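The values are calculated or read from the model by the stated rules, or taken from the named source; none is laboratory data. Everything numeric in this text was worked out from a predicted model, so none of it was measured. Note that we place each Cβ from the backbone using ideal geometry, even for glycine, and neighbour counts take in every protein chain shown. These area figures cover heavy atoms from the full protein model, side chains too; ligands, DNA and RNA do not enter into them. Shrake-Rupley method; radii C 1.70, N 1.55, O 1.52, S 1.80 Å.
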Amino acid sequence: EPEVTQTPSHQVTQMGQEVILRCVPISNHLYFYWYRQILGQKVEFLVSFYNNEISEKSEIFDDQFSVERPDGSNFTLKIRSTKLEDSAMYFCASSEVGSPSYNEQFFGPGTRLTVL
Amino acid sequence: DQQVKQNSPSLSVQEGRISILNCDYTNSMFDYFLWYKKYPAEGPTFLISISSIKDKNEDGRFTVFLNKSAKHLSLHIVPSQPGDSAVYFCAASAGMDTGRRALTFGSGTRLQVQP
């Protein structure tokens, strides 16, 4: 069964450093997403991406964050200068475009980001 | 932000019985609802969804009911199995007409199915 994959599973970084989290969405999906879950809190939407551009973003997704689809399979989230409060589990997700499964989003296993 | 609320943090049921997980929402713009299951150290796994034009959707042992007037949905699992023990998240989105797809999640309900 096709699945979303994410690398690395755990990333430790120093405050102020740049990190890139990588995802390979399900191959026939065209919508891609990043979510995060801070320990003990809800899963929160960060950004959605379609047709090589951001289609929606939350207030969390500020100028420190960027997303890119550098090739036909990868989808990345970059955090330019990490802060302590960026420590969280980051989930990538993907979905098809049309109905009836219009917004059934399939999640990867997550990358745990620890900022020291 | 409490747009999607799961008021029961935990639920324990006996194997073979029905599990009912509840979810309430406040945003009347939500038009698509989903349930996810999550094991520790894994990503959410999609279970079942329902659009606002329906009041019930069934898939095997899982049935989701939507009561739009009450802004309430529930997930029924029949019969419950020990492997169903996990955290269940309700999620909603408000974009079938506009194309918006951001999911708003509830805080989750931990289901434990006792053998």
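Here are the numbers for the structure shown:
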item: Hey, B:F33 without any contact (Cβ under 8 Å) to a residue 40 or more places away in the chain, closer than 19 Å to A:S94 by Cα and among the aromatic types (F, W, Y) or not; result: no
item: In region A:1-28, residue nearest to A:K78 (Cα to Cα) [restricted to those that are within 12 Å of chain B (Cβ to nearest Cβ) and assigned to a strand (DSSP E or B)]; result: A:C23
item: Selection within region B:14-38 - farther than 26 Å from A:P109 by Cα and either open to solvent by less than 20 Å² (accessible area, probe 1.4 Å) or of a type outside the set (A, V, I, L, M) (or both); result: B:Q14, B:E15, B:G16, B:R17, B:D24, B:Y25, B:T26, B:N27, B:S28, B:F30, B:D31
item: Considering residues of region A:75-103 that are outside any strand (DSSP E or B) and crowded, with 16+ Cβ neighbours inside 10 Å only, the residue farthest from the chain's Cα centre (by Cα); result: A:Y102
item: Subset of region B:23-51 [hydrophobic (A, V, I, L, M, F, W, C), within 15 Å of the chain's Cα centre (by Cα) and facing chain A (nearest Cβ under 8 Å)]; result: B:L34, B:F46
item: Test: residue in region B:67-77 that is touching a residue at least 12 places away in the same chain (Cβ under 8 Å), open to solvent by 30 Å² or more (accessible area, probe 1.4 Å), in contact with a helix residue (DSSP H, G or I) (Cβ under 8 Å, 6 or more places away or on another chain) and more than 14 Å from chain A (Cβ to nearest Cβ); result: no
item: Test for B:D97: is it under 24 Å from A:E96 (Cβ atoms), modelled with pLDDT of 95 or more and open to solvent by 70 Å² or more (accessible area, probe 1.4 Å); result: no
item: Odd one out for B:A91 among (1) assigned to a loop (DSSP other than H, G, I, E, B); (2) surrounded by 15 or more Cβ atoms within 10 Å (Cβ to Cβ); (3) of a type in the set (G, A, S); result: (1)
item: Where a residue in region A:29-48 is part of a strand (DSSP E or B) and its partner, wherever it lies, is open to solvent by 30 Å² or more (accessible area, probe 1.4 Å) and of a type in the set (D, E, K, R), with Cβ under 8 Å and at least six apart; result: A:Y31/A:E96; A:F32/A:R69; A:Y35/A:E44; A:R36/A:E44; A:Q37/A:E44; A:L46/A:K57; A:V47/A:K57; A:S48/A:K57
item: A:S66 being part of a strand (DSSP E or B), of a type in the set (S, T, Y) and within 14 Å of chain B (Cβ to nearest Cβ); result: no
item: Selection within region B:33-69 - of a type in the set (S, T, Y) and part of a strand (DSSP E or B); result: B:Y36, B:T45, B:S49, B:S51, B:T63
item: Single residue of A:R22, A:R36 found to be within 18 Å of A:P8 (Cβ to Cβ), within 9 Å of the chain's Cα centre (by Cα) and open to solvent by 50 Å² or more (accessible area, probe 1.4 Å); result: A:R22
